[in-house]
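Notes follow the structure.
What follows draws every value from the coordinates through simple rules; no lab data is involved. Predicted model only: the values in this text are computed from it and were never measured. Note: ideal-geometry Cβ built from the backbone for every residue, glycine included; neighbour counts use all protein chains shown.
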Amino acid sequence: MLPFTRQVAPPTALPLTLAEAEAHCRLGPDEDSEYLTSLIRAVAALFERESKQALMATDYVSVFSGWSGTLTNLKTPIVADSLRINYTTAGFPDAALPVELYALSSLRPDALYLLGTMPALLSGFPEAVRVKYRAGYETADQVPPEIKQWLKLVLLHYYENRQPSLLGLTMQEVPMSAKYIMDLIREPTL
């Protein structure tokens, strides 16, 4: 069962510093900084869409129609102590599930599991389960190097190709190296 997930508020931190972006684009300090900042935000949003991961820390709410013991497809990386699960059943309009009754999976980072047997409150399967959590990296320094590399490659591509088409030139695709890195990020191997 796939959740409906919404971002409570956009992240305030950027995954790349302006200095990192300027260095990668071979620009001097404060050269095109407003445009670069807007590109960093756009590339971060593209990363989240392509990878289905949260990039910079923000709060999310995922709503599931029920729970049979496993909730999957949450944004990752999840800040473990930020998880709160509320559910709705006929007798309990909005109840919190005690923290000791669920845990993040060690094998699948986007999954939550019930610990032990299903509590009596959930035995009839809840009508709605809301998972509130924080996901993403708190600072640009915490973003893994392979993700930063992908961001820089795509940022440079969009910086150098500002126009949808150029007179007398052929439009170029995003470099294959960026696609290969995204494949590694999107489909981690065990």
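Taking θ as phi - 60°, what are the ³J(HN,Hα) couplings along segment 134-150 by the Karplus curve (6.51, -1.76, 1.60), each to the nearest whole Hz, with x for Gly and Pro?
Listing the rounded values in order: 10, 9, x, 9, 5, 9, 4, 5, 7, 5, x, x, 5, 6, 4, 4, 4 Hz.
Which length gain, in nm to one decimal place, applies between Tyr35 and Leu18 when the Cα-Cα distance is subtracted from 0.36 nm times their residue separation?
Numbers: separation 17, 0.36 × 17 = 6.12 nm, distance 1.05 nm.
That works out to 5.1 nm of additional length.
Sequence-distant or interchain residues sharing an amide H contact under 5 Å with Ala135, placed H: which?
Here the answer is Thr58, Tyr60, Val79, since their amide H atoms fall under 5 Å of that of Ala135.
Within a 10 angstrom radius of the beta carbon, how do Lys75, Lys52, Lys152 rank from fewest other beta carbons to most? Write down the numbers at each step before the final one.
On the way: Lys75 23, Lys52 14, Lys152 19.
With the fewest neighbours first, Lys75, Lys52, Lys152 line up as Lys52, Lys152, Lys75.
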